Amino acid sequence: MARVRLEHVTKRYDDQGDVVTAVDDMNLDIDHGEFICFVGPSGCGKSTTMETIAGLTIPTEGEIYIGDREVTNLPPKDRGIAMVFQNIALFPHMDVYDNISFGLRLRDYPQDEIDRRVERAADIVQLEGMLNRMPEEMSGGQRQRVAIARAIVREPDVFLMDEPLANLDAKLKVHMRTELQRLHKELDTTIIYVTHDQEEAMTLSDRIAVLDSGQLQQIDPPLTCYNEPDNLFVAGFIGSPSMNFVEGTITENALETPNFSLEFNPSSIDGVGVGDDVTLGIRPEDIYPGELKSEVPDPSGMITATTDILEPMGDEIFAYLLLGDGETSMSQELATNDQLLMSIDPDSDLEEDDEIGVVIDRRNVHLFDSATGEAIVHDLIPYEAEGTASSSEVESDD
Amino acid sequence: MATPTDTQEQSSDGPLQRWTQSAIQNPDKVYQALFYAAMVFFLVTTLFPFYWLVVLAVTPEGNLLSGSFLPTVNLFGVSGTFPLPVPKGFNPGAFVTVFEQVPFHLYMLNSFALAVTTTVIVLFVASLAGYVFGRLRFPGRALLMLGILAISYFPPAAFVIPLFQAFAGNAPITIPFTSIPLFTPPRLLNTPGSMVLPFSALFMPLSIFILTTFYGQIPDGLEDAARVEGTTRLGALFRVIMPLSAPGVATAAVLTFIAVYNEYFFSSIMATSPEAAKWSPIVGGILSYQTQYTTQFNLMAAASIVGVLPVVILVIVAQERIVSGLTSGALKE
């Protein structure tokens, strides 16, 4: 059983006198067979965290366990891991067979065992008949499959994948993504996967670990990260296009923002007091045109806005709305407070520069503490008060 | 020359002017001409001495000192000196005599063994150094590199006397300016050790520089991949980094090999007399054809030619390797 645990792992670099903390007190507990994605912007420490698990970097502080063994200071070869690299890193002077069997040959496996395993790995990633090719004769996708075969042939306890799809074109990426999921189902091995692409993380993983500036922000199943982000960073990072944020202040019976007010009962929500500065977060799909108000379970009051830009995506249209007086000038960057992104039905006859009314689904309004960025609540109208069924679905993940 | 159909100005120009005119139109012509001029220069300066050796080698010993190597030729009534030396007689037996008079093959074997041993040692140690300098970041790296560079600029002669004293193994090595003995070195004179050690030290810096550059260019990902797959850092160096740097390794190896194969200064001192049994190298063998009273130039020339052959073969073989290494795009990732 390959459970992976990180305890207080910290990695500091000395960059010409400046101490840079790449990973800051990371605690993780990854179960056997779990598919975990590390996501975050570049420089957030996700690759460094993976390197400490692989043994390519030794952490400054903290311990790492794979299975029941402490591996903090073990060299990579003794950790029972296999890794797929972002730049694929096939050995250019070896053909596909030699690349895949490299690790087995180093460990002095008998020749027939090597042949059998290479055959099986090549079969899994569909590389039959290419074992004699050199890496430079292959396409990007084929090389990536060789790299994956090289990893699975050793039957490791843990797979580490460092942005393995980053260098592939969009179509191949989607294809390889499903292949990876199939692979995970087939192998039943722990997979730790690093990506900066939140969409990849959402689709692949059992749980997502969101990292920022070396710190773990949240580790939860994808939908929990999406529906109940722990803080502003996770809320903004997960989901594409990202969540709208509007700053406001709590009053006796509403949330007042510069351009609109959202009525609710602050006393029904823990952690909110009158006069608090909060940030309202609302996803584009939870904003509706005014004419659909009757279909929204718990609509807000009508908010007037002007459509600015429309982005038809085919299955939906992203409409950028300007709040307030609707005046824009190109030279001046829009304050986020004055802008909302709404996702609407593709059949809508909305035009640019239309003045419209929109409503917000108050059940899906997130409130964050403006000072700390911590989430306060993920619905303005408590579900218990309405007694709806959907509450159990969201909260059962906790 | 200009024909009546040419234009007026062209007919008045000489061939040099016309060539100049067209070269201005097409500068490639000039570069090509310069290329050929340089080629001819290098061919003459490198191949003429070799030709001169051949002329000497096949001239019978008795004819060596009498008459000129530049014969007078009489062509259509005009007599003049032929501009190239030609052999005075033909005696290919000199190439056999060299092995009869002196065990020249043993000297060659000495040089070969010394060169191979030194090359292996240099490649191994310089690979380790090249790995460290090329791939690791640590404080003082530039300073250390500079130190190696500085040492490589010392004239080898500066080391001869202390090394000879040490390798003689008569007296213990003392701490400088005191008489406190440190250790007594073994007697290494007349053994390969007394030559391989200084050669390795002298030719190391160049190889370190070459290998540092090459090893530094191998992507980190490949080394990481090798380590995850099950090698140690050293294993990654010898299994992945070194094979991928084949052109650089070959260059360092060929340069070291040739330098040691041709070496005379240290070996003439460390081998106390030019005998094959005392590990005297090729040059020592060549000089053995010279006695107090006679100098057999033809045999010396023949021995020089025989001695050069292995290096020529090595360079031809290695060159093909280098070129193939450079063109196969092995480093493309």
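The values are calculated or read from the model by the stated rules, or taken from the named source; none is laboratory data. Just so it is clear, the structure is predicted and the values come from calculations on it, not from any experiment. Every residue, glycine as well, gets a Cβ built from its backbone with ideal geometry; the counts of neighbours run over all protein chains shown. When the accessible area is computed, the model is the full protein with side chains, heavy atoms only, and any ligands, DNA or RNA have been set aside. Shrake-Rupley method; radii C 1.70, N 1.55, O 1.52, S 1.80 Å.
Below, the figures for the structure above:
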{"item": "DSSP beta bridges in chain A [antiparallel fraction, %, rounded to 5]", "result": "75"}
{"item": "Buried solvent-accessible surface, both chains (B, A), 1.4 Å probe, Å² to nearest 100", "result": "1900"}
{"item": "Estimated D of the protein assembly as shown in µm² per second, where Rh is the Kirkwood radius over Cα pairs and Stokes-Einstein applies at 20 °C, 1.002 mPa s", "result": "64"}
{"item": "Delta accessible area of at least 10 Å² on complex formation, residues of region A:49-77, 1.4 Å probe, chain isolated as reference", "result": "A:LEU56, A:PRO76, A:LYS77"}
{"item": "Interchain or long-range residues, amide H under 5 Å from A:GLN339's placed H", "result": "A:LEU323"}
{"item": "Segments A:22-29, B:247-254 sorted - mean Cβ within 10 Å per residue, highest first", "result": "B:247-254, A:22-29"}
{"item": "Accessible surface ranking that places the most exposed of A:ASP78, B:ASP13 first, with a 1.4 angstrom probe", "result": "A:ASP78, B:ASP13"}
{"item": "Dimensions in Å of region B:58-109 - Rg and Dmax from alpha carbons", "result": "16.2, 53"}
{"item": "Simple spin-label estimate for A:ARG120 and B:LEU106 in nanometres, 7 Å along Cα-Cβ", "result": "6.2"}
{"item": "Long-range amide H partners of A:PHE35 with built H, under 5 Å", "result": "A:ILE191, A:ASP206, A:ARG207"}
{"item": "Percent antiparallel among DSSP beta bridges (both partners in the protein assembly as shown, rounded to 5)", "result": "80"}
{"item": "Area accessible to solvent at B:GLU61, 1.4 Å probe radius, in Å²", "result": "90"}
{"item": "Per-bin percent of Cα-Cα distances, region A:125-235 [5 Å]", "result": "2, 10, 20, 21, 18, 14, 8, 4, 3, 1, 0"}
{"item": "Peptides A:110-118, A:138-146 ordered by average Cβ neighbours within 10 Å, highest first", "result": "A:138-146, A:110-118"}
{"item": "Under 18 Å from the Cα of A:LYS11 - lysines, other chains or at least 8 residues apart", "result": "A:LYS46"}
{"item": "Förster radius 30 Å - calculated FRET efficiency between A:ASP24 and A:ASP277, Cβ distance, rounded to 0.05", "result": "0.65"}
{"item": "Most to least accessible of B:TRP52, B:TRP19 (protein chains only, probe 1.4 Å)", "result": "B:TRP19, B:TRP52"}
{"item": "Shape call, region B:13-81: gyration tensor on alpha carbons, a/c limit 1.5", "result": "oblate"}
{"item": "Net lengthening on full extension, B:VAL315/B:ASN262 (0.36 nm per residue, minus Cα-Cα)", "result": "17.7 nm"}
{"item": "Prolate/oblate/rounded call for chain B, Cα gyration tensor, a/c under 1.5 rounded", "result": "oblate"}
{"item": "Gain upon complete extension [B:SER273, B:ASN63; 0.36 nm per residue less C-alpha separation]", "result": "72.5 nm"}
{"item": "Whether region A:174-329 is rounded, prolate or oblate, judged on the alpha carbon gyration tensor where a/c under 1.5 counts as rounded", "result": "prolate"}
{"item": "Label-to-label distance, nm, for residues given as B:VAL40 and A:GLU291 (7 Å Cα→Cβ offset)", "result": "9.1"}
{"item": "Computed over chain A: relative contact order in percent, which uses C-alpha pairs under 8 Å that are six or more apart", "result": "14"}
{"item": "Computed over region B:197-333: relative contact order in percent, which uses C-alpha pairs under 8 Å that are six or more apart", "result": "23"}
{"item": "Ranking by accessible area, most exposed first, for B:SER127, A:SER213 with a 1.4 Å probe", "result": "A:SER213, B:SER127"}
{"item": "Hz values of 3J(HN,Hα) by residue in region B:201-208 - Karplus curve (6.51, -1.76, 1.60), Gly and Pro given as x", "result": "5, 6, 8, 4, x, 4, 5, 4"}
{"item": "Neighbouring partner chain Cβ atoms per residue of B:215-225, average, 10 Å criterion", "result": "5"}
{"item": "Nonlocal amide H pairs with A:ILE269, under 5 Å, H built at 1.01 Å", "result": "none"}
{"item": "Packing-based ranking, highest mean first, of A:270-279, B:154-163 given that Cβ atoms within 10 Å are counted", "result": "A:270-279, B:154-163"}
{"item": "Estimated FRET transfer efficiency when R0 is 41 angstrom, pair A:GLU63-B:ARG187 (beta carbons, to 0.05)", "result": "0.15"}
{"item": "Spin-label pair A:SER42/B:PHE177, simplified geometry with 7 Å Cα→Cβ offset, distance in nm", "result": "5.6"}
{"item": "Added length on full extension, which subtracts the Cα-Cα distance from 0.36 nm per residue, A:ARG107 to A:THR10", "result": "31.7 nm"}
